[in-house]
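Here the structure is laid out as structure tokens; the discussion comes afterwards.
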Amino acid sequence: MADLTGKRVLAIVTSYGVEQDELVVPVEHLRSAGAEVVVASTEPGAVQTLVGDKDPGREVPADTTLDAVDAAGFDLLLVPGGTINADTLRLQPAAVRLVDAFAAAGRPVAAICHGPWALVEAGRVDGATLTSWPSLATDVRNAGGTWVDRPVVLDDGAGFPLVTSRKPDDLDDFLEQVDATLAG
């Protein structure tokens with residue numbers, strides 16, 4: 001595990017529907033490596049995660065809200081999936097603004113499963129090669145990206161480092177690449 005002391009990660013989610021392991025596992029992993037992780041949600045309070053888009057998972061405290069957080073000062077943006085979370089998140093202007101701010105500044109974005117929907121909505125996949133849950137393949141292609149079916153992809157074809165993975169089973173590969181990207 002890389003030493004990520006001094007690195008700051010912003011995780012953006014909605015207050016309901018994020019896939020439990022796609023939020024909890026990266027947050028715990030990054031914190032154990034020394035990174036500061038801030039969870040920003042659509043609402044203050046607890047984030048209700050789900051397992052498999054249907055069963056209640058753990059509640060995760062939100063540190064701030066999407067509207068209140070500033071992208072400046074963070075080293076990486078984490079966009080977890082979960083169908084409900086990702087579909088709702090891409091409709092939040094503050095979430096789209098944060099994705100756009102990271103991409104415009106050339107700072108890394110890491111998105112898993114349905115998380116890349118936020119990048120599609122922000123117009124930030126044109127020229128990129130990425131992966132996601134398979135149902136997003138057409139959305140990615142229609143937005144100018146190249147979709148591939150691999151456990152993890154690191155690409156900078158859209159002008160910023162983009163780390164993507166398909167599903168919770170890919171978390172080990174995803175986190176290894178996130179660590180390497182943060183460690184620089």
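The values are calculated or read from the model by the stated rules, or taken from the named source; none is laboratory data. Since the model is a prediction, treat every value here as computed from it, not as a measurement. A quick note on method: Cβ atoms are made from the backbone with ideal geometry, for glycine too, and the neighbour counts reach across all protein chains shown.
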- May I ask you to list the residues in the stretch 1-16 that are over 14 Å from the mean Cα position of the chain (by Cα) and either surrounded by 22 or more Cβ atoms within 10 Å (Cβ to Cβ) or of a type in the set (Asp, Glu) (or both)? ASP3, LEU4
- Query: Would you call LEU89 under 12 Å from the mean Cα position of the chain (by Cα) and over 24 Å from GLU176 (Cα atoms)?
  - Reply: yes
- If only one of ALA94, ALA180, ALA111, ALA101 is surrounded by fewer than 24 Cβ atoms within 10 Å (Cβ to Cβ) and either touching a His at 6+ places or on another chain (Cβ under 6 Å) or under 23 Å from GLY34 (Cα atoms) (or both), which one is it? ALA180
- Task: Quick one: in the stretch 21-37, of everything that is part of a helix (DSSP H, G or I) and in contact (Cβ under 8 Å) with a residue 60 or more places away in the chain, which residue is surrounded by the most Cβ atoms within 10 Å (Cβ to Cβ)?
- Result: GLU22
- Query: Does at least one position in the stretch 107-130 carry a residue that is assigned to a strand (DSSP E or B), within 11 Å of the chain's Cα centre (by Cα) and β-branched (Val, Ile, Thr)?
  - Reply: yes
- Item | Hits in the stretch 53-63 (condition: in a loop (DSSP other than H, G, I, E, B) and more than 17 Å from the chain's Cα centre (by Cα)) | LYS54
- Can you tell which of LEU130, LEU171, LEU136, LEU175 is buried (at least 24 other Cβ atoms within 10 Å of the Cβ), out of contact with any Cys (no Cβ under 8 Å at 6 or more places or on another chain), of a type outside the set (Lys, Arg) and in contact (Cβ under 8 Å) with a residue 24 or more places away in the chain? LEU130
- Task: Look at VAL125 and say whether it is buried (at least 22 other Cβ atoms within 10 Å of the Cβ) and either on the phi < 0 side of the Ramachandran plot or among the polar types (S, T, N, Q) (or both).
- Result: yes
- Query: How many residues, within the stretch 38-50, are within 17 Å of the chain's Cα centre (by Cα) and either part of a helix (DSSP H, G or I) or not hydroxyl-bearing (Ser, Thr, Tyr) (or both)?
  - Reply: 6
- If you go through the stretch 85-100, how many residues are in a helix (DSSP H, G or I) and either under 14 Å from ALA11 (Cα atoms) or in contact with a helix residue (DSSP H, G or I) (Cβ under 8 Å, 6 or more places away or on another chain) (or both)? 10
- Message: Any residue at all in the stretch 155-165 that's part of a loop (DSSP other than H, G, I, E, B), crowded, with 24+ Cβ neighbours inside 10 Å and either polar (S, T, N, Q) or modelled with pLDDT of 95 or more (or both)?
- Response: no
